[in-house]
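See below for the structure under consideration.
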Amino acid sequence: MKRYGLLSGLIPPIICCLLYSVVVRSQDVNVRGVPRKGDSTVIKGNTYGIIIGISKYKNIAPLQYADKDAQSFQNFLLSEAGGKIPAANIETFLNGDANRTNIGDAISVIARKAKPGDRVYFFFAGHGDMEDLTQIENGLLLLYNSPNGNYFGMNDDVLEIINLKRYLSPLSEKGVEMIFIVDACHAGNLKGGVQGIQQTASALAAAWGKEYKILSCQPNQLSLESAEWGGGRGLFSYELEDGMKGLADLNNDGVVSMYELQNYIQSNVAKYSEGKQIPMITGDLSKPFVKVIPSVLAALKKEKESQFPMLAGANVKGIEDRYVDSLDPVGKKIYVSFKQNMEEKQLIFPEDTNALKDYRSFEKRYPGNQLLLTMRRDLAAGLNDRFNEIVTPLLKGQTSYSTRDECYYASLELDNCMHLLGEQHYMYQNLKARKLFMDAMTYTWAINDNEYNVSMKPILLYAVDKLERSAELEPNASYTWSALGQLYTFLFDYAKADSAFQKYLSLRPNDLFAKYSLGLIYGQLKQYDKAEKMFGSLMKEYPDIPDFKLQLIEVYRENNKPEQALSLADSLIAVDSTRMQGYFSKGLIHSTLINVDSAVYYYGQARKYSPVYCSLCDNNTGQIYFVTGQTDSARKYFKRVLDHDSTYPFAHFNLGTIYLKEGDLSSAIREFFATVDNSTSSLQGFVTNMQLYLGKSYDTTDAAAYKKFTRQTFVFNMQYLSYLSAMYMYIRVPGLIDSTASINYLFDQLFTYKSHDDLTWYHNACYKAMKKDKAGALESLEKSLKLGFGNYFILTNDKDLSILWNDPAYEALVKKYFPDKSGKL
């Protein structure tokens, strides 16, 4: 519960939270709204501050952000926007330091120091209370050691409003400008009821004569705090500071008046509290209050523009238990069920018991109950959690490990959140934008060029439409522009792709990860010139970060620029800390060039300078021997890797491939299943020279196309590739291709890897073609193409499908899904 205001009687169970700001001057005031002649924001004398913030109390319920609000206000006063008040002029008391002795001494010192023309801030953030309804001119600010109720003796750790008034009134009479700010919430077991709130509000409105009063909310309203605001702040104090920094300067005259401040805080606090908290200001609203510093305001506006709003649960400090206790048994049961379902993330499923169902039941039975505010907000925040988990890494330029199924459920939860909050909610447009993004990602998350073919064009156009609408609603969501850039590229709309990527970078121009990510995207999309430029720029800007050189080497290698790649690798070798990476990179480059001796030498050097045994060095050495037909040497290196680490999955797989080529089927199957056992479910392998795997052979009539195919890199889940290798090993054994049960078992395993469904149906087509089942092969092949199998060379040159090559139905399929291709059919 937000901190309550100073009340002149016992505070009722219904909570009133008031932030009270009083500005008192000895001069008379004129008619409201008319600027006074000669009035100025300039303080002629000194400015002082007494700032108190208590979140952790000794005897009563804690608050969340009261101390942070106070600390932030102190930082504001010390800053240029707050007047650069000397630190020696500010006394700040947080939590345990906020006792009556310390604060009383500080008030006494200020009372003696302050002179005409000075300004004094008194800021309190913490619990507030009252002793009984008869004291309509009094209220209590509870300090760290305050008891939990029973303040009658007034000797406990509390501050009485009436005593503060006695100190402050004489100061205002001699020309000191007093700014008295109290953000206090109810604590204790009080009996005043609605009458107490009304009397307290009346007492505050009538107190002290010619003053300004700023109240954080109306009587009977709640005042909110949440991690959503400023990383954890009270909503009112957060918006008050932003307004005083210049966002409230509606007429752009460089001065924030009380009238402008009132408009700003009423509009924003009401907006973000969904109308549950509306501040009040009384007094001469034409008063010039704060001078705006242009540079501060510009920086604040830029910060606001770049912010990515997210819903978070809100706290209405100190009242949950009291409201729950007031419920009947049925209400308590529903509320407990709601809290349990929230804790267990059962938000909309299962249908018979979930948090949304509990909320609707509670809302119907107890309309207007104060608990509905936090229940609704907490549920809305929970319905955004899955989306936040998916996109937060993307906002940081990191990899988000998610799936299309997760995107589907995120979209469903966002849709429920939109219906929960309604179209008038301040986050509705953001939520709609995010749902559109998740709708698109449900079909295109992590799409790659080996998956895409023309059959997916309608899906991509659907996704692009969703993303374009999302970007229109939330144009500062960088992940939307990144996704649009990738899909535009698949649709060959390179002008739009470039525009989208540039927008993506403009949203994060100084973000190292943004540039790095864009470089990676360019590389993945084979836009090598742009990738070179990006990584080259990063390398010059951050010469001490070797990752940028390594990425540029990789771009040079893939873009067939071995000389540039080798030169850059030499620069890594010249530095002790990166020598190992330099040698390893040269090994990769020479592997790509099929320079066996050079590759073996540089992998050896990398192994020499590695601080630990380099399994990858020996594995890659074995790989270059394998692809050049030097099987015995390859076997030696793969076994060496396993001697050091018997669980290394890549070496097991490579040995299995060798045994398969040699016809040692029992050893091959042992190694393939060892790969399955020692691989994680997400482990990926990068395979080149695909013609050497799965026992396949390809038509080489088109020599250029075949050579290009042998240089292609394919990415597989290692468990999947092992099962696939085992399946082909089995069906190539004479007499076993008709062992339906065994082969079906292997296909059942393959179909569990949903991301490879297009490949699985392709290999199912090969299996059926080898069985001379043309109709079955064509049916499986079309399923594969519909799912996105996109390798034209494999489709038209894999000899396992040769039985189909002259079939008109096969020719029609190829032309349907690859209309822009031509070749042997």
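The values are calculated or read from the model by the stated rules, or taken from the named source; none is laboratory data. Predicted, not measured: the structure shown is a model, and the values here were computed from it. Cβ placement follows ideal geometry from the backbone for every residue including glycine, while neighbour counts extend to all protein chains displayed. Heads up: the accessible areas ignore ligands, DNA and RNA and are worked out on the full protein's heavy atoms, side chains in. Shrake-Rupley method; radii C 1.70, N 1.55, O 1.52, S 1.80 Å.
Numbers below:
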| item | result |
| --- | --- |
| Residue 752 under 26 Å from residue 788 (Cα atoms), surrounded by fewer than 17 Cβ atoms within 10 Å (Cβ to Cβ) and not basic (Lys, Arg) | yes |
| Failed condition for residue 692, given (1) among the aliphatic types (A, V, I, L, M); (2) open to solvent by 70 Å² or more (accessible area, probe 1.4 Å); (3) within 19 Å of residue 620 (Cβ to Cβ) | (2) |
| The lone exception for residue 555 - which of (1) over 18 Å from residue 478 (Cβ atoms); (2) open to solvent by 60 Å² or more (accessible area, probe 1.4 Å) it fails | (2) |
| Qualifying positions in the stretch 355-374 - in contact (Cβ under 8 Å) with a residue 40 or more places away in the chain and assigned to a helix (DSSP H, G or I) | 356, 359, 371, 373, 374 |
| Tally, over the stretch 718-741, of residues that are open to solvent by less than 60 Å² (accessible area, probe 1.4 Å), under 23 Å from residue 804 (Cα atoms) and not hydroxyl-bearing (Ser, Thr, Tyr) | 7 |
| Some residue of the stretch 693-716 being in contact (Cβ under 8 Å) with a residue 40 or more places away in the chain, among the hydroxyl-bearing types (Ser, Thr, Tyr) and assigned to a helix (DSSP H, G or I) | yes |
| Residue 400, sole failed condition from (1) in a helix (DSSP H, G or I); (2) within 24 Å of residue 344 (Cα to Cα); (3) open to solvent by less than 60 Å² (accessible area, probe 1.4 Å) | (1) |
| Which numbered condition residue 512 fails, given (1) farther than 24 Å from residue 584 by Cα; (2) more than 21 Å from the chain's Cα centre (by Cα) | (2) |
| Some residue of the stretch 578-585 being surrounded by fewer than 17 Cβ atoms within 10 Å (Cβ to Cβ) and not acidic (Asp, Glu) | no |
| Those residues of the stretch 310-332 which are open to solvent by less than 50 Å² (accessible area, probe 1.4 Å), assigned to a loop (DSSP other than H, G, I, E, B) and at pLDDT 75 or above, in sequence order | 311, 327 |
| Qualifying residue in the stretch 381-388 (condition: without any contact (Cβ under 8 Å) to a residue 24 or more places away in the chain, among the aliphatic types (A, V, I, L, M) and surrounded by 15 or more Cβ atoms within 10 Å (Cβ to Cβ)) | no |
| Lone unmet requirement of (1) touching an Asp or Glu at 6+ places or on another chain (Cβ under 6 Å); (2) more than 21 Å from residue 404 (Cα to Cα); (3) not basic (Lys, Arg) for residue 767 | (1) |
| Residue list for the stretch 91-105, filter: touching a strand residue (DSSP E or B) at 6+ places or on another chain (Cβ under 7 Å) and under 12 Å from residue 164 (Cα atoms) | 103 |
| Strands (runs of 3 or more DSSP E) contained entirely in the stretch 61-168, each with at least 1 residues that are more than 23 Å from residue 244 (Cα to Cα) and modelled with pLDDT under 85 | 119-129, 140-142, 158-160 |
| Answer residue from the stretch 766-825, given it is crowded, with 16+ Cβ neighbours inside 10 Å and small (Gly, Ala, Ser) and is nearest to residue 455 (Cα to Cα) among those | 788 |
| Failed item, numbered, when residue 431 is tested on (1) open to solvent by less than 40 Å² (accessible area, probe 1.4 Å); (2) out of contact with any His (no Cβ under 9 Å at 6 or more places or on another chain); (3) more than 23 Å from residue 519 (Cβ to Cβ) | (2) |
| Restricting the stretch 475-488 to residues that are more than 15 Å from residue 517 (Cβ to Cβ) and touching a Leu at 6+ places or on another chain (Cβ under 7 Å), the residue that is surrounded by the fewest Cβ atoms within 10 Å (Cβ to Cβ) | 476 |
| Boolean, residue 715 is surrounded by fewer than 22 Cβ atoms within 10 Å (Cβ to Cβ), over 25 Å from residue 460 (Cβ atoms) and at pLDDT below 95 | no |
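Rundown of residues vs (1) modelled with pLDDT of 95 or more; (2) under 14 Å from the mean Cα position of the chain (by Cα); (3) among the aliphatic types (A, V, I, L, M), yes/no style:
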| site | (1), (2), (3) |
| --- | --- |
| 356 | yes, no, yes |
| 366 | yes, no, no |
| 370 | no, no, no |
| 373 | no, no, yes |
| 411 | yes, no, no |
| 415 | yes, no, no |
| 418 | yes, no, yes |
| 432 | yes, no, no |
